[in-house]
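Each remark here refers to the structure printed beneath this line.
The values are calculated or read from the model by the stated rules, or taken from the named source; none is laboratory data. For clarity, every value in this text was computed on a predicted model and none was experimentally measured. With ideal geometry, Cβ positions are generated from the backbone for all residues, glycine too; neighbour counts draw on all protein chains shown.
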Amino acid sequence: MDLLTANDRPGAYPDSWYAASADLLPPFPAAVGALSCDVCVIGGGFTGLSAALHLAGRGYDVILLEAQRVGFGASGRNGGQVGTGQRLDQAALEGMVGQTAARALWDLSLESVALTRDLAARHAPEAGYAPGIIHAAHRARYVSEFHAYAEKLARDYDYHDIRPLDRAQMRALVGSPAYHGGDIDMGGGHLHPLRYALGLARAAQAAGVRIFERARVTALTKADPALVRTDSAQITARFVALGLNGYAGRIEPALSSRVMPINNFIAATRPMTQAERDHVIRGDHAVADSKFVINYFRFSDDNRLLFGGGESYGYAFPRDIAAKVRTPMEQIFPQLKGIEITHAWGGTLGIAYNRMPFFARLAGNVLSASGFSGHGVAMGTLGGKLLAEAISGQAERFDVMASVPSPQFPGGATLRWPLMVAAMLWFSLRDKL
């Protein structure tokens with residue numbers, strides 16, 4: 001199935017609250033004819049836009065190709081949470097790569113948040129970055145683990161922006177009977193992801209990046225120089241940077257065997273009064289819970305609850321996305337039963353088998369960063385910067401990310417989907433126990 005068009009109209013943003021509330025850019029032209037550049041960036045999401053912006057800042061002549069519109073994919077549809085840490089916690093990373101490398105990964109994660117916050121302030125203040133992510137335990141037995149982890153971060157990583165929450169403290173912040181405690185991390189935050197992506201695109205264009213939309217890559221020849229083909233253009237480039245994540249298709253076998261697309265869904269309610277809002281989330285914080293099929297939510301700047309949740313076992317979006325999201329939303333917030341939903345949309349993200357990003361040098365002059373597994377607002381932004389560093393000859397930090405083990409999905413690209421469906425069904429059942 002062609003995920004670029006399976007659930008969306010060619011050249012059009014989804015009918016999301018994000019698209020409805022953003023100052024969309026005029027379409028960029030399509031790529032036509034024979035073109036050349038120093039670096040061809042493929043993908044117009046956070047990773048590609050960040051790579052293009054940072055490369056242009058280093059003096060490279062850059063072409064960016066986007067198959068649909070900039071910010072069209074997960075970058076313009078996600079929950080907007082800018083989280084600290086990697087997708088795996090530090091204890092798991094210590095066991096996987098050792099203490100020294102785990103510390104380096106932690107430091108990179110903090111830089112990713114700072115970079116995202118700074119780029120948003122400079123290029124997309126309208127994205128409304130706000131601090132604070134609440135992690136909510138949906139089982140009482142998880143609360144002690146949350147608290148122990150906060151203590152570990154303070155003790156071993158000198159991180160003091162996260163504090164534990166007991167049940168009463170959680171209930172004071174999140175008006176749901178579903179949660180037993182957790183923590184609040186003021187080092188992370190949230191923003192309007194599409195406004196942020198569009199701000200990066202404006203900045204990249206101003207820095208001299210040639211951006212082409214409706215420029216779907218049909219072939220990539222890894223040579224020196226590399227050759228990138230679209231339906232209407234051939235681009236010769238000294239380097240190629242891939243920022244494709246869930247929409248990679250089969251352009252590169254190493255990606256399709258290690259990064260798998262899955263769908264997720266978000267709904268926006270009608271605007272709430274301040275009193276209604278305070279009974280859902282008190283304070284301008286984002287929330288993510290401990291379920292494997294995660295619920296995540298926050299308020300928009302016009303007081304709509306943006307609630308993400310609900311699993312999907314097919315590449316096609318469900319016919320009634322609003323109904324799919326309403327079920328978990330009303331389970332978490334019974335007081336919202338029957339509330340009007342004004343927008344509901346789906347998107348495709350890329351997950352890796354071990355939930356850690358897949359950074360790789362696919363050839364001497366072809367590099368990729370993807371597989372952010374739902375943690376891509378900040379890490380995708382930093383991934384673009386690390387791609388730019390590596391291309392300019394400073395690969396040490398890119399190599400830290402590339403050194404993390406990235407196993408293939410069992411069965412490779414062919415069998416990854418039925419095996420993932422079985423796993424998701426199992427974890428969905430576990431969430432209910």
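Determine which single condition Cys40 fails, assuming it passes every other condition in (1) closer than 19 Å to Ser392 by Cβ; (2) part of a helix (DSSP H, G or I).
Every condition holds for Cys40 apart from (2).
In this structure, is Arg69 charged (D, E, K, R), in contact (Cβ under 8 Å) with a residue 24 or more places away in the chain and closer than 20 Å to Glu389 by Cα?
no
Just one of the numbered conditions (1) over 27 Å from Gln68 (Cα atoms); (2) crowded, with 24+ Cβ neighbours inside 10 Å is not true of Glu340; which one?
Every condition holds for Glu340 apart from (2).
Within the range 79-93, is there a residue that is farther than 25 Å from Ala233 by Cβ and free of Cβ contacts under 8 Å to residues at least 12 places away in the same chain?
Yes, the range 79-93 contains at least one residue that is farther than 25 Å from Ala233 by Cβ and free of Cβ contacts under 8 Å to residues at least 12 places away in the same chain.
Here is a list of conditions, (1) farther than 26 Å from Pro193 by Cα; (2) touching a residue at least 12 places away in the same chain (Cβ under 8 Å), and Ala168 meets all of them except one; can you say which number that is?
Status for Ala168: all satisfied but (2).
(1) surrounded by fewer than 18 Cβ atoms within 10 Å (Cβ to Cβ); (2) assigned to a helix (DSSP H, G or I); (3) of a type outside the set (Ser, Thr, Tyr): which one isn't true of His160, the others all being true?
(2)
Restricting to the range 237-260, count the residues that are part of a strand (DSSP E or B) and either over 20 Å from Gly44 (Cβ atoms) or out of contact with any Leu (no Cβ under 6 Å at 6 or more places or on another chain) (or both).
The number of residues fulfilling the criteria is 7.
For Arg87, only one of the following conditions fails: (1) in contact with a Lys or Arg (Cβ under 6 Å, 6 or more places away or on another chain); (2) part of a loop (DSSP other than H, G, I, E, B); (3) surrounded by 22 or more Cβ atoms within 10 Å (Cβ to Cβ). What is its number?
Arg87 satisfies all of (1) in contact with a Lys or Arg (Cβ under 6 Å, 6 or more places away or on another chain); (2) part of a loop (DSSP other than H, G, I, E, B); (3) surrounded by 22 or more Cβ atoms within 10 Å (Cβ to Cβ) except (3).
Pro271 passes all but one of (1) touching an Asp or Glu at 6+ places or on another chain (Cβ under 6 Å); (2) touching a residue at least 40 places away in the same chain (Cβ under 8 Å); (3) of a type outside the set (Gly, Ala, Ser); which number fails?
Unmet for Pro271, out of (1) touching an Asp or Glu at 6+ places or on another chain (Cβ under 6 Å); (2) touching a residue at least 40 places away in the same chain (Cβ under 8 Å); (3) of a type outside the set (Gly, Ala, Ser): (2).
Can you confirm whether Arg195 is in contact (Cβ under 8 Å) with a residue 60 or more places away in the chain, surrounded by fewer than 19 Cβ atoms within 10 Å (Cβ to Cβ) and assigned to a helix (DSSP H, G or I)?
no
If I ask for residues that are surrounded by fewer than 24 Cβ atoms within 10 Å (Cβ to Cβ) and within 18 Å of the chain's Cα centre (by Cα), which ones from the range 174-190 would you list?
Gly187 - this is the single residue of the range 174-190 that is surrounded by fewer than 24 Cβ atoms within 10 Å (Cβ to Cβ) and within 18 Å of the chain's Cα centre (by Cα).
Mind listing whichever residues of the range 7-32 are out of contact with any strand residue (DSSP E or B) (no Cβ under 8 Å at 6 or more places or on another chain), surrounded by 13 or more Cβ atoms within 10 Å (Cβ to Cβ) and hydrophobic (A, V, I, L, M, F, W, C)?
If the condition is that a residue be out of contact with any strand residue (DSSP E or B) (no Cβ under 8 Å at 6 or more places or on another chain), surrounded by 13 or more Cβ atoms within 10 Å (Cβ to Cβ) and hydrophobic (A, V, I, L, M, F, W, C), then Ala19, Ala22, Leu24, Leu25 are the ones that fit.
Select, from Ala369, Ala395, Ala388, the only residue that is modelled with pLDDT of 95 or more and over 23 Å from Ala127 (Cβ atoms).
Result of the check over Ala369, Ala395, Ala388: Ala395.
Give me the pairs, please: first residue somewhere in the range 111-130 and farther than 10 Å from Arg195 by Cβ and without any contact (Cβ under 8 Å) to a residue 40 or more places away in the chain, second residue anywhere and of a type in the set (A, V, I, L, M) and crowded, with 20+ Cβ neighbours inside 10 Å, beta-carbon distance under 6 Å, and either six or more positions apart or on two chains.
none
Just need a number here: residues in the range 116-146 that are of a type outside the set (S, T, N, Q), surrounded by fewer than 18 Cβ atoms within 10 Å (Cβ to Cβ) and in a helix (DSSP H, G or I).
Result for the range 116-146: 8.
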